[in-house]
Amino acid sequence: MERFKGIWQNQGGNRLIIKKKSEKEAIVTFISGKTDEPIKRPYFDNQLTIDMHAELDFYETSVEVELWKKGKGFYLCLTDNEYRLKAEELGVGISRNADEEHKFLEDYYHLFEPLDSYKRIK
């Protein structure tokens, strides 16, 4: 997790603040480039995008940020495609459970757009 910690920003001005919690876990805050504030998550009792739990994947090349309750299957996925000792740019995507029960989450992808890569700013 050491190589992912820091402050990241994409072209839309969205920022991610990743704070290492342990070797495999982090706390992540998402700041909207439109408002310069965390956003409310309407699908999650309007909780703000602060101190969200994140875990390093098995291969230690990406981090999954939980956008919903633990185990509910809605994640912001951040990948270091260069595999450097200290990541400098992260690819980004959103994943969710593919079943019909979770299809409504598609309506909330826009909250995290643009899904441009994030570059380290600090």
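Listing for the model above:
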{"item": "Under the Karplus curve 6.51 cos²θ - 1.76 cosθ + 1.60, θ = phi - 60°, whole-Hz ³J(HN,Hα) for the range 69-74, x wherever Gly or Pro sits", "result": "4, 3, x, 7, x, 9"}
{"item": "Violating pairs (Cα-Cα greater than 18 angstrom) within the set Lys34/Lys72; Lys24/Lys70; Lys24/Lys86; Lys19/Lys122; Lys5/Lys86", "result": "Lys34/Lys72"}
{"item": "Kirkwood Rh in Å, taken over all unlike Cα pairs in the range 2-112", "result": "14.3"}
{"item": "Test item: Cα-centred dipole of the range 2-112, Lys/Arg +1 and Asp/Glu -1 on Cβ, debye", "result": "340"}
{"item": "Lys/Arg +1, Asp/Glu -1 at C-beta; the range 2-112 dipole; positive extreme among Gln11, Ile31, Phe74", "result": "Ile31"}
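Every number in this text was worked out from the coordinates using simple rules, so none of it is lab data. Bear in mind that the values here come from a model prediction, so they are computed numbers and not experimental data. Reconstructed Cβ throughout: ideal geometry from the backbone, glycine too, with neighbour counts over all protein chains shown.
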